[in-house]
Amino acid sequence: MTEPEHPRDVRTDLVPLDTTSGLLTRITAELGTQLSLVSLNGTRRTVHTDHADQNAPTLVAVAHGSRDPRALRTVTTLLERVSELRPGISVRLGHIELNEPLLPAALASLGTGRAILVPLLLSRGYHVKHDLPEAAATAPRLHTRTAAPLGPHPLLV
């Protein structure tokens, strides 16, 4: 088998799901595919722009954080892919714990405007119900909304 020309050309159906890395690789591919098809308001995307949309909210991917360095590399790769697919949208990263930047600091760096917190978490548990709203409250000049977590999703089950 030849090497893919670009990382997105990797056949994700061949990636094992028995590791966190394999699972996140599959999720990254699925999210990338879905993001490339829709606009922020949920309609089918028709225009591709290469410049930042000043009215678009900033997407803040919220990762748990991990002592395993592979987790940070995986999340960083995901954000790079999202930025590649949606170049007009500012994408940032905030962690709940263990890695920098922590979510409150990431939100504070945005100042004012709008942000959508995108929990890269596998369920709607304590972090989504308590930690994310608490962090958002630390940035009162920033209007935030929180997207649904990744799971439970059939790919995760």
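A few remarks follow.
- Fraction of accessible area attributable to carbon and sulfur, segment 51-157 (%, probe 1.4 Å): 55 percent
- Calculated FRET value between E84 and A105, using beta carbons and R₀ = 30 Å, to 0.05: 0.75
- Between L122 and R70, residue separation times 0.36 nm minus the direct Cα-Cα distance comes to 17.0 nm.
- Spin-label model, T112 to T77: label points 7 Å out along the Cα-to-beta-carbon direction sit 4.0 nm apart.
The values are calculated or read from the model by the stated rules, or taken from the named source; none is laboratory data. The structure presented is a predicted model; accordingly, all values stated were derived computationally and were not measured. Cβ: placed from backbone, ideal geometry, glycine included. Neighbour counts: every protein chain shown. When the accessible area is computed, the model is the full protein with side chains, heavy atoms only, and any ligands, DNA or RNA have been set aside. Shrake-Rupley method; radii C 1.70, N 1.55, O 1.52, S 1.80 Å.
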